[in-house]
Amino acid sequence: GHFVAVSYMDPLSGALIIVGMAFLLKGIRRRRFALFLMIGFAMMLFLIGASHGNIYPPTTRMFLLVPWFAFFAATGLVWMQHQVELLFRNPGYVASLVPLVMIVVLGLNLYQAYPLSRLRMEQHQNLDSLFLRIAMRAQRLSGDPKTFVFITDPEWGIDGMRGLQRI
């Protein structure tokens, strides 16, 4: 409903979210702060994602979970950095890991935001669907039959009107 055609987080961050949440869940018994974080996330997940009147939570509400997702992804990245330190015992590998992952995450997010989002939204953001959505909403709000006049630019052509007649 809010013209969002891609996921909230890129695939690499999504994998890091799982790693970060698993790391925090594993440490709940030893660290009270991990317990606090997971209870806070569960509470936000319920308040944002389950306490609404729709079948699916609205996108604007789900955006409130993005900082949590980013935190879990960062926690997963820090855990991975620590594992690389233990594995290679070479600070050169560790120093290059985090910036490399951040560049890949930035690139994936830019790809999602621009080419992928535009590609997936082509069928939703055209003039035909906009007119049809406005006409259906006006009809639903008033109840009585309406007649609509569609005035276009002469360059738009007859093909667009034929498309509207089919709908």
Accessible surface of the stretch 10-75, 1.4 Å probe, proportion on carbon and sulfur as whole %: 75
Contour minus Cα-Cα span, SER51 to LEU25, at 0.36 nm per residue, comes to 6.9 nm
With a 1.4 Å probe and all protein chains in place, put LEU25, LEU35 in order of accessible area, largest first. LEU25, LEU35
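The values are calculated or read from the model by the stated rules, or taken from the named source; none is laboratory data. None of the values given here were measured: they were computed from a predicted structure. The area values use the complete protein model at the heavy-atom level, side chains included, leaving out ligands, DNA and RNA. Shrake-Rupley method; radii C 1.70, N 1.55, O 1.52, S 1.80 Å.
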